[in-house]
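Read-outs throughout are calculated quantities, based only on the coordinates presented, and are distinct from any laboratory measurement. The model shown is predicted, which means the values in this text are computed figures rather than measured ones. Every residue, glycine among them, receives a Cβ derived from its backbone with ideal geometry; neighbour counts consider all protein chains shown.
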Amino acid sequence: MQYELPKLAYAYDALEPHIDKQTMEIHHTKHHQGYTDKLNEILAKYPDIAEKPLEELFHNSDSLAMDSADKFNFINNAGGYWNHKLYWEAMGPEKQIDKELVKEINDTFGSLELLKAQFTKAAMVRFGSGWAWLCRGPEGKLAICSTKNQNNPLMHSHTPIFGIDLWEHAYYLKYQNRRAEYVKNWWNVLKLM
Ligand code: MN
C-alpha cells in the first residue's frame with residue numbers, strides 16, 4: 001500500500017483572503033507531501049502493517065508491532081497524512097452545509113456560536129503544535145477534542161469530523177503569531193457549517 005498526496009478539490013488561491021495562496025501551496029506540496037513520503041518509507045519496512053487501514057492502526061496504536069523509533073515516526077507521519085487529508089476536505093471556497101451535522105451541533109452544544117466558542121478555546125489552549133477537532137466520542141456523541149503534534153483522535157477512541165491545523169506552518173506567513181485571527185477566519189472556509 002503506497003499512499004499518494006491527495007489532490008485538492010480547489011485551487012491554492014481559492015481560500016483567499018482567509019488562507020493565502022502561498023501558505024496553501026507550501027502546506028500541500030511540502031508539508032503534506034513530506035508526511036506522505038515518510039509514511040511510505042516507514043510502511044515499506046512493515047508490509048503486514050501496511051496492508052491495514054490507517055484508521056485501524058490509529059485505533060490500536062499502543063500495540064503496533066514496530067520498534068519504538070519507527071512507531072514514533074509512524075504516528076507523526078501517518079497522523080500528518082491523515083489529518084491533512086481531512087483538513088483539505090472540510091474546507092472549500094463555497095459552503096456545502098451539512099444540515100444533519102448542524103442540527104446535531106445545535107442539539108449538543110446549544111448553537112453554532114457556542115460550538116465555535118468551545119472549539120476556539122480548545123484551539124487557543126493547545127500549546128505548541130497540534131490540532132483542534134470536532135469529534136464523535138465512543139458513545140457516538142459530538143465532542144470537542146484537541147491533539148498534540150500530528151496525533152489523531154482515533155488514537156483516543158474519538159472519530160474526527162473536522163479539524164483545524166494549529167501548526168504555525170498553517171498560518172504564519174499571513175497571520176504570524178496571531179493564531180486567534182486565523183481560527184476566527186477559518187470558519188469562513190470550513191464548508192460544512
Ligand atoms: Mn499542517
| message | Can you pull out every residue in segment 2-16 that is surrounded by fewer than 18 Cβ atoms within 10 Å (Cβ to Cβ) and without any contact (Cβ under 8 Å) to a residue 60 or more places away in the chain? | response | Gln2, Glu4, Leu5, Lys7, Ala11, Asp13, Glu16
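Which residues, taken from segment 154-174, are of a type in the set (Phe, Trp, Tyr), within 14 Å of the ligand (Cβ to nearest atom) and farther than 16 Å from Val125 by Cβ?
Once the filter is applied, which keeps residues that are of a type in the set (Phe, Trp, Tyr), within 14 Å of the ligand (Cβ to nearest atom) and farther than 16 Å from Val125 by Cβ, segment 154-174 yields Tyr171, Tyr172.
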| Is there a residue being within 11 Å of the chain's Cα centre (by Cα), part of a helix (DSSP H, G or I) and either at positive phi or touching a residue at least 12 places away in the same chain (Cβ under 8 Å) (or both) anywhere in segment 104-125? | no
| said: I'd like the residue in segment 80-95 that is out of contact with any strand residue (DSSP E or B) (no Cβ under 8 Å at 6 or more places or on another chain) and of a type outside the set (D, E, K, R) and, out of all such residues, is nearest to the ligand (Cβ to nearest atom). | reply: Gly80
